[in-house]
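Trainee: If you scroll down you'll find the structure; I have some questions about it.
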Amino acid sequence: MCGIVGYTGKNSAITPLIEGLRRLEYRGYDSAGIALGTSGKLFIEKRAGKLGNLESSLGDQLPSATSGIGHTRWATHGGPTDNNAHPHVDNEGKLAVIHNGIIENYNQLKAELQAKGHKFHSDTDTESVAHLLSDLRKEFNGDLPAAMREAVKTLRGSFTLLAVHADNPGVIVGVRRNSPLVLGVGDSEYFLASDVAAFIEYTKRAVELGQDEIVVITPTGFEITDLDGNAQTPREYQVTWDAEAAQKGGFSHFMLKEIFEQPKAVADTLIGRLTDNNQIELDELKMSDEEIRSLKKIVVIACGTAYHAGMIAKYAIEKWAQISVEVEIASEYRYRDPIIDAQTLVIAISQSGETMDTLMALRHAKAAGARVLAICNTNSSTIPRESDAVLYTHAGPEIAVASTKAFLTQVVAVYLIGLHLAQVRKELTDSEVADLYNELLALPAKIEAILETVEPLRALTRTFAKSSSVLFLGRNVGFPAALEGALKLKELAYMHAEGFAGGELKHGPIALIEEGTPVIAIVPAGHEHSLDEKMLSNIQEVKARGAQVIVIAEEGAEVTGATHVIRIPVAPALFQPVLATVPLQVFAYEMAIARGNDVDQPRNLAKSVTVE
Ligand code: M6R
């Protein structure tokens, strides 16, 4: 978490820094700060709260500076106060550091530095780096890159660090270990940032930075070295989306914009995947037919919303391809002894590609000999880079903390994988695959149709704004959709919300129902295993105990016992989550507004969770 930006070049630094921070605020927003390089000293300003607080305190009395660093924080060590905000400086106030991640051995470093006379002014782990670098820079005769190389050898944990010194303010030194950092190459100006979004307005030329690489930017160029000072060859790529894609485009919130972008995101993720002779084309998997046929098991690792997409993968892949699928919460995965081997395919799902829990689980799986396929929305992020293969979703930048369009595209990506595996293993015929693919192609128009009729749902949602708890019920693939609906409501509306498998209700959760409790029930599509009828029974059970039941059901399906019915278009049963989730997203969005919450930046959260 935390967003980091650095600028050095021909122009004033303040605009790229503040604009960059605004675009990185999704990574953390409990304090923000900047350090501007002016000759001989640094101008530092930092404030608790959102970026707006920093901007107000900056006023228009800024020194002119053509280099600087900026930080937007998601607190780990030390509360969100002015003092704990970054940058952190050494005791001379000449060396400033910003940091994303956790320095695990900061306590020991702090004790050693205090023993040498350094005075600390914050509760953060980061401040120890500022003092350490200050000493090392003196040892290396003012050479900040050399000091950084040496400092990194003593640091443990995950970190992206940027440092600048007042004596040479045009030089910004950065490093990354298990946290993101990317270099932007402009026209006589250079950027370092957690994410290309920070500098996309200025340049689309980006350079990947590897683990433990030290990068130095100056107004005239950049240099990348390893920890021993050996030059590294830059790995440059072009960013494929533009600044406009990251703007609100007339919507009141990024989340609403992203909900409405879902038809396009799903269509873009599906496009061109079926050949003229009805073969699903997924070259990205980099697996031969023989390897696919010999697969024994698939393990999906993911967190939060991406985990729910993984749950849907289990239903789809097991049904179509007849391969056993396990779905694991990434943060739990490596702390047991999972059974994996070379015939296990691990699928890591992540919108950001930077989620530390998923990354660590991925490394664990790779070390155990599994092949890892990433499903990711962020080009060149760490998870795809460390995977054997990557299938990119084409949702475009997702800025709102609550994931919407990324989820739908992740689900669609796992359907594609399931169909491909089923086809290669001959569990589905080519014409069955083609029919299902064509049903997938019909989903964007169906999502569009749902979005055209959400106004009554928004009005209905507001009538529940004072409820203390909302329960979500689903069966089969409706179960992960119910979990996703509950997660959205928790993170946006700060309400107690839980998703249950309909059949589990009677094993405990039904005790939660009181007079008036809102229950959202998703009626499974079709009649397989009479799941639709079983859900109608569940609806009767909660209704009999006083619940107000909002039912999501496909057009034409019989519904009894509902207080309100939301209709969604007809689709094959396994595809229903792509449609049923949309009203749940709108419900959570509207509830957040009704309760006066910050939709795009809900409390305590961050978009990209780069700490374990
Ligand atoms: O970037 P990732 O997909 O790896 O993120 C995983 C979760 O942190 C994420 O889905 C989170 O649960 C969302 N905020 C939910 O809306």
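What follows draws every value from the coordinates through simple rules; no lab data is involved. For clarity, every value in this text was computed on a predicted model and none was experimentally measured. Here Cβ is always computed from backbone atoms with ideal geometry, including for glycine, and neighbour counts include all displayed protein chains.
Trainee: To the nearest 0.05, what FRET efficiency results for Arg595 and Glu455 with a Förster distance of 22 Å applied to their C-beta separation?
Mentor: With R0 = 22 Å, the Cβ-Cβ based efficiency is 0.70.
Trainee: Please state, as a whole number in µm²/s, the translational diffusion coefficient that the Stokes-Einstein equation yields for the stretch 1-93 at 10 °C and 1.306 mPa s, with Rh defined as the Kirkwood radius across alpha carbon pairs.
Mentor: Result for D is 122 µm²/s.
Trainee: Let me ask something else. What whole-number distance in Å separates the alpha-carbon centres of the stretch 563-612 and the stretch 192-222?
Mentor: When both Cα centres are located, 34 Å separates them.
Trainee: Would you list, by chain and number, the aspartates and glutamates whose Cα falls below 14 Å from the Cα of Lys366, excluding same-chain residues fewer than 8 positions away?
Mentor: Asp337, Asp341, Glu386, Asp388
Trainee: Could you give me the ³J(HN,Hα) list for the stretch 601-608, computed from phi with Karplus coefficients 6.51, -1.76, 1.60 and θ = phi - 60°, whole Hz, x at Gly and Pro?
Mentor: Result, ordered by residue: 10, x, 4, 6, 9, 8, 5, 10 Hz.
Trainee: Which cross-chain or sequence-distant (5 or more) residues have an amide H under 5 Å from the amide H of Ile301, H modelled 1.01 Å from N in plane?
Mentor: For Ile301, whose amide H was placed from the backbone, the distant partners under 5 Å are Glu328, Ile347, Ala348, Ile349.
Trainee: Only four residue types carry charge here, +1 at the Cβ of Lys and Arg and -1 at the Cβ of Asp and Glu. Report the dipole size of the stretch 3-246 about the Cα centre in Debye, rounded to the nearest 20.
Mentor: 280 debye
Trainee: In what sequence do Asp268, Asp276, Asp430, Asp30 fall when counting other Cβ within 10 Å, fewest first? Walk me through the numbers on the way to the answer.
Mentor: Values: Asp268 18, Asp276 5, Asp430 15, Asp30 22.
Final ranking by Cβ density, sparse to dense: Asp276, Asp430, Asp268, Asp30.
Trainee: What FRET efficiency would be calculated for the residue pair Gln343, Asp276, taking the C-beta separation as r and a Förster radius of 45 Å, to the nearest 0.05? Write down the numbers at each step before the final one.
Mentor: Numbers: r = 32 Å, r/R0 = 0.71.
That gives a FRET efficiency of 0.90.
Trainee: Something else about it: Neighbour counts of other C-beta atoms within 10 Å: give me Phe43, Phe159 arranged from fewest to most.
Mentor: Starting with the residue having the fewest Cβ neighbours, the order is Phe43, Phe159.
Trainee: Given Cβ point charges of +1 (Lys, Arg) and -1 (Asp, Glu) and nothing else, what value in debye, to the nearest 20, does the dipole of the stretch 248-441 about its Cα centre take?
Mentor: Result for the stretch 248-441 is approximately 420 debye, rounded to the nearest 20.
Trainee: Continuing with this model, one more query. So how do Thr72, Thr225 line up by other beta-carbon neighbours within 10 Å, fewest first? Write out the running numbers ahead of the final one.
Mentor: On the way: Thr72 32, Thr225 17.
Lowest count first: Thr225, Thr72.
Trainee: Could you go through the stretch 157-164 in sequence order and give the Karplus-derived ³J(HN,Hα) for each residue, using 6.51 cos²θ - 1.76 cosθ + 1.60 with θ = phi - 60°, rounded to whole Hz, and x for Gly and Pro?
Mentor: Each residue of the stretch 157-164 in turn: x, 10, 7, 10, 10, 10, 9, 9 Hz.
Trainee: Could you check the spin-label model distance between Thr233 and His121? Points 7 Å from the Cα along Cα→Cβ, value in nm.
Mentor: Going by the 7 Å Cα→Cβ label model, 4.5 nm.
Trainee: May I ask for the distance between the Cα centers of the stretch 458-507 and the stretch 238-260, given as a whole number of Å?
Mentor: Using only Cα atoms to place each centre, the spacing works out to 27 Å.
Trainee: As a test of the formula, what do you get for the chain when each DSSP H run with n ≥ 4 contributes -39,500 (n - 2.57) and the sum is divided by the residue count, at 222 nm and rounded to the nearest 500 deg cm²/dmol?
Mentor: Theoretical 222 nm ellipticity from helices: -10500 deg cm²/dmol.
Trainee: Under a Cβ-only charge scheme (Lys and Arg +1, Asp and Glu -1), can you give me the dipole magnitude of the chain about the Cα centre, in debye to the nearest 20? If you can, show how the numbers build up before the last one.
Mentor: Working: 57 positive and 78 negative charges, 215 e Å.
Its charge dipole is roughly 1040 debye.
Trainee: Which far-off residues, 5 or more places away or on another chain, put their amide H under 5 Å from the one on Val175, with H placed in the peptide plane?
Mentor: It is Leu161, Val215, by chain and number.
Trainee: Taking the convex hull of the Cα atoms, report for the stretch 454-612 its projected area averaged over all directions, in nm².
Mentor: 9.7 nm²
Trainee: Another question, then. Under 14 Å Cα-Cα from Lys314, which aspartates and glutamates qualify once same-chain neighbours fewer than 8 residues away are excluded?
Mentor: By straight Cα distance, Lys314 reaches Glu326, Glu328.
Trainee: Place +1 on the Cβ of every Lys and Arg and -1 on the Cβ of every Asp and Glu in the chain, take the dipole about the Cα centre, and give the residue among Ala245, His88, Thr404 whose Cα lies farthest towards its positive end.
Mentor: About the Cα centre, the residue reaching furthest to the positive side is His88.
Trainee: Once phi is turned into ³J(HN,Hα) by the Karplus curve 6.51 cos²θ - 1.76 cosθ + 1.60 with θ = phi - 60°, what whole-Hz value does each residue of the stretch 507-512 show in order, with x for glycine and proline?
Mentor: 8, x, x, 4, 5, 6
Trainee: Please provide three numbers in whole Å: the alpha-carbon extents of the chain along the principal axes, with the largest listed first.
Mentor: 77, 57, 43
Trainee: Could you sort the peptides 482-495, 398-411 by per-residue average Cβ neighbour count (10 Å cutoff), highest mean leading?
Mentor: Ranking the peptides 482-495, 398-411 by packing returns 398-411, 482-495.
Trainee: Now a separate question. Placing +1 on the Cβ of each Lys and Arg and -1 on the Cβ of each Asp and Glu in the stretch 1-139, which of His99, Ser12, Gly117 has its Cα farthest towards the positive end of the resulting dipole?
Mentor: The residue sitting farthest along the positive end of the dipole is Ser12.
Trainee: So what is Rg over Rh here for the stretch 66-142, counting just Cα atoms and using Kirkwood for Rh?
Mentor: Values: Rg = 12.2 Å, Rh = 12.8 Å.
Result: Rg/Rh = 0.95.
Trainee: Student exercise: in the stretch 454-612, how many lysine pairs 8 or more apart or on different chains have Cα atoms under 19 Å apart?
Mentor: 7
Trainee: Cut-off 16 Å, label point 7 angstrom out along Cα-to-Cβ of Glu92: give me the residues of the stretch 140-167 whose amide nitrogen falls inside.
Mentor: The answer is 140-148, 164-167.
Trainee: Quick one: which residues, 5+ away or cross-chain, put their amide H under 5 Å from the amide H of Leu274? H built at 1.01 Å from N.
Mentor: Amide H to amide H, under 5 Å and 5 or more residues apart or across chains, Leu274 pairs with Glu281.
Trainee: In the stretch 109-235, what is the count of Lys pairs whose alpha carbons are under 19 Å apart, counting only pairs at least 8 residues apart or on separate chains?
Mentor: Total qualifying Lys-Lys pairs in the stretch 109-235 comes to 6.
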